[in-house]
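Take a look at the structure below.
The values are calculated or read from the model by the stated rules, or taken from the named source; none is laboratory data. These numbers were taken from a predicted model, which means no experiment stands behind them. When we count neighbours, we look across all protein chains shown, and the Cβ atoms used for this are built from the backbone with ideal geometry, even at glycine. Side chains are part of the model used for accessible areas, which takes the heavy atoms of the whole protein and leaves out ligands, DNA and RNA. Shrake-Rupley method; radii C 1.70, N 1.55, O 1.52, S 1.80 Å.
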Amino acid sequence: MRSFFKQHFHIQTKKTFKRLLFSLSLLLLTGIVRKSNLSVYTKNNDTLNELVILWEDSISSAESLRRLTALCPELTLTDHFDNVTVCRSDSPKNITTQLAVLNADASVRVAEQNHSTVLCGFEESKFFDAQWALHNTGNYTYYINDLPIARSSLADIDINLPEAYEALDKLSPTRTVTVAVIDTGIDITHPALSEHIWINENEIPMNGIDDDNNGYIDDIYGWDFYHNDNTVCHYQVTDLGKISALPEDNDNHGTHCAGIIASSGDIFGVAGGIDIRILPLKIHGGANASGSVSNAIKAIKYAEAAGADICNMSWGTPLYSEALETVMRESDMLFVVAAGNSGNNNNSTPLYPASYALDNMISVAFVTQYGELASDSNYGLSTVDFAAPGQDIYSTVVGGGYHYLSGSSMAAPVVSGTAALLYACGNSLYPQNIKEILVQTLKPLDSLIGFVRYPGIPDAAKALGAADLLSSDVIAPTFRPVTSYDKDTIFVHLNPEDLGRSGIRLISYAVGIHDTSYFRRGTIGQPVTETVFQVKKAGTYTFYISDYAGNETSLVYTVNDDEIAPSLSASYVMNADGTFTVTVDAKDNESGLKRVRYLTGTHTADAFLSAGQELGPDTSYTFIAEQEGTYTVYAVDYRGNKTVYSFDVKEIPAEQLFLSTAERTLTVGDSYRLAVLMLPLASTDFLTFAVNDETLLYADVSGTLTALAPGTAKVTVESTGGLTKTCIFHILPEFDSEVSS
């Protein structure tokens, strides 16, 4: 690989005159694009009246339409995929109210106004030939027409790529790395890119069928979300037979970013020497290269399902999107994003997604070939991670040629390519670890101090030299689900656990039995944001869990309903007035008791639907039975399980009476409970306790006796049926410590 790299750089410094003429003529044909002023943000008319809805669950287009009609009839469905709906407001003045209605609904996770995104600037100017960002010796080649002129630069302001490939030779990478480029289109026929383009092996070309059931027909090389078709690049052919980007749909920007990452042949991309695949996902189009957040979200979901490792996004918007931030946070890809080119401080003037605080994202500013932060590069001490070369970067454009572009749009793919070199060195890697290694091995630049979080640019050689820091997580997270009930609600306690080091990134579920592949790496399914999950009804569910290293698993779990009816029993005692106090013992250990009632007589459960006296809701359910007879008690739990219990209430006279003691000594102040046994045990007789001298001894209705003064007192216990027993109590003064029984 080292000899290949040296040979490749030799080619770059001694290009043939024939190729020079072709490149320069292509530059003249397409014209020099002057840098656009990105500090001025203009809303795209295509998105001005649109709303983006992120539903809590994955639904069909028909269900999305039904919900929109019910919630906001003023909204017209324009696009839908999985749990993402894009709709147009027929009453733009009411958008604020419409958003409030949507966000108040439990089925909506996030609803927000769609807005456009802009590419993070590009400038195509002078004809530099040397790729100083990869290997900077202190000078570079400057072209005037076809004449190369040597100019100075600051030596070693580069990413040390030749040395990196020397280190890579020792590591022997064997893994394919996929980088999604969410941008304008990419020229997949470009000779420097064609061997590195991702191919959807599960799709049969041009048969008009969605063979892999991912929602896209004939998506062989990715997808064009701007035009909603599979044309990932749009070409113009001149009368001279020259091919270039269609001016009305300029795809040079995305092609240029792809070349920085993975070109090989006439020029060399950062990761062009490894087994790398570029996944083209076009979200920007038209002469102004406009795009939208909704298309970005769909592109991220596509890349996730396709198994991409890295997602390069060289664009931004000044408007915050919670939906975009959510799908990025819940992805296992490493996002490399451009910081912007307005010369702004992103701390005070945010640009998104660059200003999101995500562990799996790197925000990149750009430096010149002299090691200085470019005057038009955005910065931010707490919002921009580090910088990378981005001034006058030579890379691929549509039609097989090469142009110079500048901006953080070019710096981001430099970082993406460097990250790809690390991803090639191991399996089951995860973005937080890759980001940490890149940060720890930066080439420091004092000129960046105070402008970015980590003042430096990538050092690919040093990063690969730290390959022993790569953390591989091959252990898929797991579930230990347990079902519980709270009244009429069923909960599943998922008890997720990740024994690996990358961390749980996403939990979702689907009704029914599914395998892991059904969830398309977490892009399909209804998200679960809490580990205690409420289900709408009992049944079979498949739960999916994945970590940031791409490990995933699913578990089919049957949520059983509470089918155990409450338990019922009853006891009663006779009162002094001849009535009976009935105590009902009602219990339900699952969903809980919803209602307890009673009726006189024998009844079935149906009788209690419209009749019966309510008991409770205290835990002690009691009622007074005015007379002897049959009574029925009824209980129902919160899942609708019912129980009835019928029993007879009648007087049962005592036939025998026994006391726990016949004589006892107490000290003044002591209390003693006199236990009484009546036979038969079911006797309903009521007991009375009488003391012959209440100045000495006090008796309450339960038979608890309290000594009041020294002396001897007699207690008589009598049942309702006339049985009596007596007990003598000797009461000693408090100072007398002698106690006998």
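Worth a mention:
- Protein accessible area in region 594-741, 1.4 Å probe - carbon and sulfur %: 49
- Region 151-170-region 282-311 distance, computed between alpha-carbon centres (Å): 31
- Note that the chain carries a Kirkwood radius of 31.2 Å, evaluated over its alpha carbons pair by pair.
- Straight Cα distances below 13 angstrom link K714 to the aspartates and glutamates E663, D693, E694, with same-chain residues fewer than 8 positions distant left out.
- What the Cβ-Cβ distance of A104 and S620 gives, at R0 = 41 Å and to the nearest 0.05, is a FRET efficiency of 0.50.
- Helix content alone sets the calculated 222 nm mean residue ellipticity of the chain: runs of n ≥ 4 DSSP H residues at -39500 (n - 2.57) each, divided across all residues, give -5000 deg cm²/dmol.
- Placing +1 on each Lys and Arg Cβ and -1 on each Asp and Glu Cβ, with no other charges, gives the chain a dipole about its Cα centre of roughly 2340 debye.
- In the chain, taking the dipole from charged Cβ atoms about the Cα centre, the farthest positive-side position among T630, I297, I149 is held by I149.
- Nonpolar atom fraction for region 139-289, defined as the carbon and sulfur part of the 1.4 Å probe accessible area, stands at 50 percent.
- Span per principal axis, largest first, for the Cα atoms of region 160-203 (Å): 36, 24, 20
- Here region 530-597 was treated as a single set of alpha-carbon atoms; its pair distances binned every 10 Å from 0 give 14, 26, 21, 15, 11, 8, 4, 1 percent.
- Vicinal HN-Hα couplings computed from phi for region 358-372 (Karplus, 6.51 cos²θ - 1.76 cosθ + 1.60; Hz; Gly/Pro x): 10, 6, 9, 9, 10, 9, 10, 8, 9, 10, 8, 5, 9, x, 9
- Linear extension gain, T579 paired with L499, 0.36 nm per residue minus alpha-carbon span: 22.3 nm
- Between the listed residues T553, A538, P496, the Cα displaced farthest toward the positive end of the dipole of region 486-576, a dipole computed from Cβ unit charges relative to the Cα centre, is found at T553.
- With contacts taken as Cα pairs under 8 Å and at least 6 residues apart, region 600-728 reaches a relative contact order of 20 percent.
- Percent carbon-and-sulfur accessible area, region 313-472, ignoring ligands, DNA and RNA, probe 1.4 Å: 48
- Three-way shape call for region 331-391 based on the alpha-carbon gyration tensor, with the a/c threshold at 1.5: oblate
- Per residue solvent-accessible surface (Å²) - the chain, probe of 1.4 Å: 43
- A simple packing score, the average count of other Cβ atoms within 10 Å per residue, orders the peptides 492-500, 657-665, 453-461 as 453-461, 492-500, 657-665, with the highest score first.
- Structural descriptor for region 362-466: relative contact order 30 percent, calculated from alpha carbon pairs under 8 angstrom and at least 6 residues apart.
- The spacing between region 391-461 and region 324-389, judged by their C-alpha centroids, is 12 Å.
- Reduced Cα scattering model of region 334-462, Debye log10 I(q)/I(0), q = 0.10, 0.12, 0.13, 0.22 Å⁻¹: -0.29, -0.41, -0.48, -1.27
- Taking 14 Å as the cut-off, the amide N atoms of region 434-470 that come nearer than this to a point 7 Å along the Cα-to-beta-carbon line of E166 belong to 460-465.
- Legend: calculated FRET efficiency, S567 to F658, from the Cβ-Cβ distance at R0 = 30 Å, rounded to 0.05, equals 0.40.
- Take every Cα pair under 8 Å whose residues are at least 6 apart in sequence, average their separation, divide by the length of the chain, and the relative contact order is 9 percent.
- Anisotropy class of region 382-454 from Cα gyration tensor, a/c 1.5 cut: oblate
- Note on region 432-553: with charges restricted to the Cβ of Lys and Arg (+1) and Asp and Glu (-1), its dipole about the Cα centre is near 260 debye.
- Filter on K282/K462; K93/K298; K170/K443 - keep pairs with C-alpha separation over 29 Å: K282/K462
- For the residue pairs K594/K650; K536/K594; K537/K587, alpha carbon separations beyond 25 Å are given by K594/K650.
- Once you divide the Cα radius of gyration of region 397-519 by 2.2 N^0.38 Å, the number left is 1.58.
- Rounded, prolate or oblate (a/c below 1.5 giving rounded, otherwise prolate when a/b exceeds b/c) for region 463-527 by Cα gyration tensor: prolate
- Region 539-593 and region 491-524 have Cα centres separated by 27 Å.
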